[in-house]
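Everything below concerns the one structure shown next.
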Amino acid sequence: MKISFCCTDFKAEPWLAGLRAALPQAEIEVWTPGAPAADYAVVWAPPQAFIDEQPNIKAVFNLGAGVDALTQLKLPPQMKLVRLDDAGMSVQMAEYVVHALIRHFREFDHYERDVVQGKWSYRRPRLREEFPVGIMGLGVLGQRVAQAVAQFEFPVLGWSRSPKTVDGVRCFAGAAQLPEFLAETKVLVCLLPLTTETQGILNRTTLAQLQPGGYVINVARGAHLVEEDLIELLDSDHLAGAALDVFRQEPLPAGHPFWRHPKITVTPHTAARTLRDESVAQIAQKIMRLERGEPIAGVVDHIRGY
Ligand SMILES: NC(=O)c1ccc[n+]([C@@H]2O[C@H](COP(=O)([O-])OP(=O)(O)OC[C@H]3O[C@@H](n4cnc5c(N)ncnc54)[C@H](OP(=O)(O)O)[C@@H]3O)[C@@H](O)[C@H]2O)c1
């Protein structure tokens with residue numbers, strides 16, 4: 001069995017060592033143009049040439065949960081794309097969102113600023129019932145985040161494409177229920193995949209429907225957000241702030257207004273990192289299942305785009 005590794009931004013050696021240890025029967029090499037076609041591939045943002053050179057590939061494993069870099073390529077419709085399915089990401093995402101939410105709710109950002117000035121000051125406690133948290137995307141990551149947020153007794157709402165029942169979460173589905181979901185949300189968390197339907201979904205019209213004093217946590221993809229619209233709503237005080245982990249252009253360019261905006265907290269696309277051991281174990285297990293003719297989770301639907 002031949003496995004090609006074609007991952008921009010990943011140091012190949014430790015991944016090859018991990019994959020070789022997990023699949024000793026396989027020949028695993030870094031892809032170079034013109035290399036023999038593979039049976040399986042492990043990829044992150046591969047070039048079109050890589051796809052074009054794989055006529056009989058059995059599955060392409062993406063080293064992330066979001067497959068938008070792959071779906072932008074011209075893909076044969078029968079090509080089986082498999083995304084990472086948690087693999088240690090959901091608990092990291094829960095940490096990130098709960099941290100951003102509580103930092104905002106308890107006003108720890110203000111305390112941090114006061115402390116720098118040597119100021120001993122109290123802020124009035126706020127009511128968590130007045131901070132309903134709405135999670136866009138109730139998939140692997142969204143549901144784990146919902147569970148973590150509910151632990152802190154915030155009201156939790158969720159919005160997905162198809163109707164869902166999730167313990168402790170008021171669920172909304174589809175475009176028709178989006179306005180009601182937004183109107184009842186104060187802290188909005190985006191955990192949607194980036195598709196043609198969700199691109200630009202955080203815009204002037206949708207964000208204006210959040211409760212006054214709303215807060216936006218975007219941990220999905222930069223292209224979900226219309227950046228100018230966010231700034232406008234922050235500057236007009238409809239929104240109280242935003243925690244942003246992902247951006248239209250990454251790294252966020254020097255001089256971009258988000259770096260210095262007093263209501264925006266920026267992190268460098270680090271909310272949920274791809275963990276090597278967990279990812280290798282998951283991919284190896286799925287390859288073995290496919291070899292035995294068994295079904296696997298995390299297969300991307302080309303039409304839905306996630
Ligand atoms: N910042 C980071 O470090 C980081 C790390 C990992 C992942 N991510 C991002 O997180 C995203 C989510 O990952 P995941 O594993 O949770 O994905 P997932 O399991 O595929 O879940 C996606 C969720 O979004 C919903 N959805 C998709 N299209 C929709 C639409 N048009 N309208 C309403 N809901 C829609 C789906 O609805 P259904 O349930 O009805 O299908 C599902 O609930 C990834 O795509 C990636 O972009 C970011």
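Can you tell me which of (1) surrounded by fewer than 18 Cβ atoms within 10 Å (Cβ to Cβ); (2) within 15 Å of residue 97 (Cβ to Cβ) is the one residue 185 doesn't meet?
Going through the list (1) surrounded by fewer than 18 Cβ atoms within 10 Å (Cβ to Cβ); (2) within 15 Å of residue 97 (Cβ to Cβ), residue 185 breaks only (1).
Quick check on my filter: what residues within region 229-279 are in contact (Cβ under 8 Å) with a residue 60 or more places away in the chain, away from the ligand (no atom under 12 Å from the Cβ) and surrounded by 15 or more Cβ atoms within 10 Å (Cβ to Cβ)?
Residues satisfying the conditions are 240, 241, 265, 276.
Which of the residues spanning region 115-142 are out of contact with any strand residue (DSSP E or B) (no Cβ under 6 Å at 6 or more places or on another chain) and within 16 Å of the ligand (Cβ to nearest atom)?
Correct list: 137, 139, 140, 141.
Cβ-Cβ under 9 Å, sequence separation 6+ or interchain: first residue in region 56-71 and farther than 19 Å from residue 140 by Cα, partner within 7 Å of the ligand (Cβ to nearest atom) and hydroxyl-bearing (Ser, Thr, Tyr). Which pairs?
What qualifies is 71/195; 71/306.
Yes or no: residue 265 within 13 Å of the chain's Cα centre (by Cα) and of a type in the set (Val, Ile, Thr)? If you could, list the steps in order and put the result at the bottom.
Values: within 13 Å of the chain's Cα centre (by Cα): no; of a type in the set (Val, Ile, Thr): yes.
When the stated conditions are applied, residue 265 does not pass them.
Can you list the helices (runs of 4 or more DSSP H) found entirely within region 1-115 that contain at least 1 residues being under 27 Å from the mean Cα position of the chain (by Cα) and closer than 30 Å to residue 154 by Cβ?
Numbers: elements: 12-22, 48-52, 68-71, 89-105.
In region 1-115, 68-71, 89-105 are the helices (runs of 4 or more DSSP H) which contain 1 or more residues that are under 27 Å from the mean Cα position of the chain (by Cα) and closer than 30 Å to residue 154 by Cβ.
Yes/no matrix, rows are residues, columns are (1) surrounded by 19 or more Cβ atoms within 10 Å (Cβ to Cβ); (2) closer than 22 Å to residue 206 by Cα; (3) charged (D, E, K, R); (4) touching a residue at least 24 places away in the same chain (Cβ under 8 Å):
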| site | (1), (2), (3), (4) |
| --- | --- |
| 138 | yes, yes, no, yes |
| 144 | yes, no, yes, yes |
| 153 | no, no, yes, yes |
| 159 | yes, yes, no, yes |
| 164 | no, yes, yes, yes |
| 172 | yes, yes, no, no |
| 179 | no, yes, no, yes |
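So, of the residues in region 280-298 that are more than 13 Å from the ligand (Cβ to nearest atom), part of a helix (DSSP H, G or I) and not hydrophobic (A, V, I, L, M, F, W, C), which turns out to be surrounded by the most Cβ atoms within 10 Å (Cβ to Cβ)? Outline the logic, then answer.
Step one: of region 280-298, the residues more than 13 Å from the ligand (Cβ to nearest atom) are 280-281, 283-296.
Subsequent filtering for residues that are part of a helix (DSSP H, G or I) retains 280-281, 283-291.
When the remaining residues are screened for being not hydrophobic (A, V, I, L, M, F, W, C), the result is 285-286, 289, 291.
Working: 285: 13, 286: 21, 289: 13, 291: 14.
Checking each candidate, the answer is 286.
For region 155-210, which residues satisfy the criterion of being more than 22 Å from residue 130 (Cβ to Cβ) and charged (D, E, K, R)?
161, 164, 167, 197, 204
When you scan region 210-222, how many residues do you find that are more than 15 Å from the ligand (Cβ to nearest atom) and surrounded by 17 or more Cβ atoms within 10 Å (Cβ to Cβ)? Let's see the steps before the verdict.
At the first step, the residues of region 210-222 found to be more than 15 Å from the ligand (Cβ to nearest atom) are 210-215.
Right, trim to surrounded by 17 or more Cβ atoms within 10 Å (Cβ to Cβ) and you get 210-211, 214-215.
The total comes to 4.
No value in this document is a laboratory result; all are computed from the given coordinates. If you're wondering where the values come from, they're calculated on a predicted model, not measured in any experiment. Because the Cβ atoms are built from the backbone with ideal geometry, glycine has one as well, and the counts that use them run over all protein chains shown.
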